[in-house]
1. If only one of ALA129, ALA115 is farther than 22 Å from LYS44 by Cα and among the hydrophobic types (A, V, I, L, M, F, W, C), which one is it?
2. What number of residues in the stretch 65-100 are in a helix (DSSP H, G or I), under 20 Å from the mean Cα position of the chain (by Cα) and not aliphatic (A, V, I, L, M)?
3. Looking at (1) assigned to a helix (DSSP H, G or I); (2) within 18 Å of the chain's Cα centre (by Cα); (3) at pLDDT below 95; (4) loosely packed, with under 14 Cβ neighbours inside 10 Å, find the lone condition where ARG6 falls short.
4. When the residues of the stretch 121-138 are filtered to those that are in contact with a helix residue (DSSP H, G or I) (Cβ under 6 Å, 6 or more places away or on another chain) and not in a loop (DSSP other than H, G, I, E, B), which remaining residue is surrounded by the fewest Cβ atoms within 10 Å (Cβ to Cβ)?
5. Is there a residue in the stretch 155-162 that is of a type in the set (Lys, Arg) and in a helix (DSSP H, G or I)?
6. Regarding the stretch 76-83, can at least one residue be identified that is aliphatic (A, V, I, L, M), at pLDDT below 90 and buried (at least 22 other Cβ atoms within 10 Å of the Cβ)?
7. Among what's in the stretch 98-111 and is out of contact with any Phe, Trp or Tyr (no Cβ under 7 Å at 6 or more places or on another chain) and within 27 Å of PHE32 (Cβ to Cβ), pick the residue that is modelled with the highest pLDDT.
8. Can you report the number of residues in the stretch 34-66 which are more than 19 Å from GLU138 (Cα to Cα), free of Cβ contacts under 8 Å to residues at least 60 places away in the same chain and aliphatic (A, V, I, L, M)?
Amino acid sequence: MKKEIRLYNMIFPIWLLMFFPWVCFPAAALNFGIDSLVLLLTMKKLGLAPKKPLWKKSIIRVVIFGFIGDIVGALCMLTADTVLYHTGGHEADHSLMYDPWRNPLALVTALFCMAVASLVIFILDRSFAFNKTDLTPEHKKKLALSMAVFTTPILFIVPTRWFGIY
């Protein structure tokens, strides 16, 4: 019998993996842990029980949809970077990829891309992640909102010089 292999959520930005490929495994484990923690704490806050069966029925989908949301956010960031580069916004373009805090347009753009990623996570989680559960639509919505808010790809606004890239 073949062992099943699954690709779990990875912290973005994706370019970080190009420069430091070894971070792939710790990032996957970290995101799986963060998604699990957020899901379990939100279930506790909402008074949902039993937690373990609900977690088991939904965690893989939550992680996959988080990964998809991160990819959409990263693509949004790449698109914005390309547009800035080709419209003469080289300072904002450079700041967006290396240190969004140095340029107001870059920061707003990065925050927008984080919001896009969070929106995708929310929609996918609300619509699909909790389908195999008997949760009410209101509980699904609250869990999805919690996942979207607390698992947004925060590294979009982290300066790369912290990683020795710049």
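The values are calculated or read from the model by the stated rules, or taken from the named source; none is laboratory data. Because the structure is predicted, anything quoted here is derived from the model rather than measured. Note that we place each Cβ from the backbone using ideal geometry, even for glycine, and neighbour counts take in every protein chain shown.
1. ALA115
2. Within the stretch 65-100, residues that are in a helix (DSSP H, G or I), under 20 Å from the mean Cα position of the chain (by Cα) and not aliphatic (A, V, I, L, M) number 11.
3. (1)
4. Narrowing the stretch 121-138 to residues in contact with a helix residue (DSSP H, G or I) (Cβ under 6 Å, 6 or more places away or on another chain): 121-122, 124-126, 129-130, 132-133.
Then drop every residue that is not not in a loop (DSSP other than H, G, I, E, B), which leaves 121-122, 124-126, 129.
Details: ILE121: 31, PHE122: 21, LEU124: 21, ASP125: 26, ARG126: 19, ALA129: 25.
Only one residue tops the list, namely ARG126.
5. Yes: the stretch 155-162 contains one or more residues that are of a type in the set (Lys, Arg) and in a helix (DSSP H, G or I).
6. no
7. Restricting attention to the stretch 98-111, the residues satisfying the condition of being out of contact with any Phe, Trp or Tyr (no Cβ under 7 Å at 6 or more places or on another chain) are 99-106, 108-109, 111.
Checking the rest, the ones that are also within 27 Å of PHE32 (Cβ to Cβ) come to 100, 111.
Values: PRO100: 93, LEU111: 97.
Per the stated criteria, the residue is LEU111.
8. Number satisfying all stated conditions: 4.
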